[in-house]
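None of the figures in this text is laboratory data; all of them are computed from the coordinates on show. The model shown is predicted, which means the values in this text are computed figures rather than measured ones. All Cβ positions, glycine included, derive from the backbone under ideal geometry; neighbour counts span all protein chains shown.
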Amino acid sequence: MTATETENSISAGNWRHRAEAIASIMVVASLPCLVVGPVTFAVFGGIGILLAAFLNGWEANVEALRKFLRSPIGIAIIFTFAAWAPGTIMSLDVGESISVVIRMILFTVVGILLYDFLNNRPQLLRLQLKTIIIGLFFAYFLSTITMVFFPEVIAQIKGYDLMEKHYGKLFFKRYASASVLFAPLLVWGGLALGNRWRIMAFGIVLLLPGYFVLLESRSAIAGLLAAFLIFVLLIGFRYRNKMILIGLWSVVGLGIAGALSYLAARYTSPPVPFDPILPPWLIDPHRQIIWMNTINLAEVKPWFGWGINTANFAINHIESFTIAKEYPPLPGHPHNWIVEVLAETGVFGVLSLMGTVLLSAFLILKKYLANFQKGYLAVMSVFGGFWVSSLFNFSIWSAWWQMVFVVVSTIILANSNFHNRNSETDGQ
C-alpha cells in the first residue's frame, strides 16, 4: 500500500469515527431536547438513529433483526402483535389502530438497530454519558428557571391567553415523567465516569423529587419510588451487609411515607357523588371515573377489545354509564396502561403484553444475578419506573413516551457488557 493509499485509509477511518460519534451524540442528546417538546426530541433522535443505521451497514442491520426475531423476546413480541391483530381489524378506527401498530413495530426495529450499533462501539460510551449528564443538567436548570420566573415565555410558545404559572407546570409534566427513566441512567452513568461526573449525575437525581413536587406530578413521584424500590430490592442480592440493607430500606420507607404525607396534605377533593375506590388525594376522582368507564367498555368487548387507541371514541358508541351522568363529561383515555390495553386489545391482548413485559424483566434479572453488572440493575429500575408511571400518566400508545423508554433502555443494555465496575476516574 502506498503512502497516499494509507493516508486515504486513515482519513476514511477518521471520517467514519467522527460520523459514529455524531450519531451517538444526536441520539443521546435527544433526551434532554425533550424538554422543548416531542418534535425536537424526534428530530434529534431520528437523525441520529438514521445515521447510526446507515453507518452500521445493511448486512449488520439485517443480521441484528434476524437474531432478535429468533430470540425469546422477539418471539414474545411477535405473539403480542398477533394477539392485537383481531382487535385492530375490528377496530372502531382501523386506520388509527393500524398506524399505532406500525409505529410500534418501527420503534422495535429502532431499538434493535440502535442496540447493535452501540453494542459494537463501546468506545463511544463515555462520550454518550457525558453528553447526557451535561444536557440533562442544563435542561433541568433552564426549565426550572423558566417555569418559576418566566412562565409567560411558555404561555407564548403554547399560545395560551392567560400568563399563569400553572401553564409552565403543564408544559413540563411530560419531561417530569421522562425524568423517572433518566434517573437510573444518570446513576449508572455517574458510576461509570466517576469523579466530577458522578457528583453532577448524583446531584441531579437527588434534586428530582423537588422538581416533581414543583411540577405537582404524582405519576412521576410514584414512578421514581418504584424505580428506587426495585434498585433496593436487587441491591439486596448483591450486598449481604445488614447495615447497608437496613439503611437502604429505611430510605425507601421514609420516601414512601414522605410521598404519601405530601400527597395527602397537598391534594384535596370536594365531595363526589360516588365512593372512590382509592383516596381522592392519591388518585383524583375524575381519573377514577375514567377507569371505571373504561373497565365497563372492556366488559362489552372482552376478548379483543375496541381497537388500539380508540377508548376515547368508544364511549360515544354505547349508552352513558350511570356514574358519568352524575359527573361532568370526561375524556375516555384512562391513562393507565393495564386498563387501556384491556379495553382496546381485550383479555388476550393485555395478557400477551404482560407476558412479554414479565419475560423481559425475568431475562434481564437473570443476567443481573449472574454477574451483578450495574447496567442490568439500571435497566430493571427503568422498567419499574416506566410501567408504574404508566399506571397514572399518559396513554401507553404515546409515541414520545414509548420512544424515551426504548432509547434509555437501549443505551444502558447496549453498554452493559462494557461497563467496568472499576471505571476510570480521571474526571475527563
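Worth a mention:
- Summarised as an ellipsoid, the range 1-151 has semi-axes of 33, 28, 12 Å, derived from the eigenvalues of the Cα gyration tensor scaled by 5 and square-rooted, with the largest first.
- Taking other C-beta atoms within 10 Å as the exposure proxy, Arg66, Arg103 rank Arg66, Arg103 from fewest upward.
- Trp84 sits among other residues whose Cβ lies under 15 Å from its own Cβ, and their net charge, with Lys and Arg +1 and Asp and Glu -1, is -2.
- Environment charge at Ala298 (Cβ cut-off 12 Å; Lys +1, Arg +1, Asp -1, Glu -1): -2
- Net charge dipole size for the range 10-111 [Lys, Arg +1 and Asp, Glu -1 on Cβ; Debye, nearest 20]: 260 debye
- Segment Val300-Ser71, extension gain: residue separation times 0.36 nm, minus the distance between their alpha carbons: 78.9 nm
- Summarising the label geometry, the points placed 7 Å from Cα in the beta-carbon direction at Ile244 and Leu369 lie 1.9 nm from one another.
- Were the residues from Ile22 through Leu233 laid out at 0.36 nm apart, the gain over their Cα-Cα distance would be 72.2 nm.
- Pairwise FRET efficiency - Val94 versus Asn195, Cβ, R0 = 56 Å, nearest 0.05: 0.55
- Distance (nanometres) between label positions extended 7 Å along Cα→Cβ at Leu254 and Glu63: 5.1 nm
- When Met90, Met243, Met26 are arranged by Cβ crowding within 10 Å, least crowded first, meaning fewest neighbours, the order is Met243, Met90, Met26.
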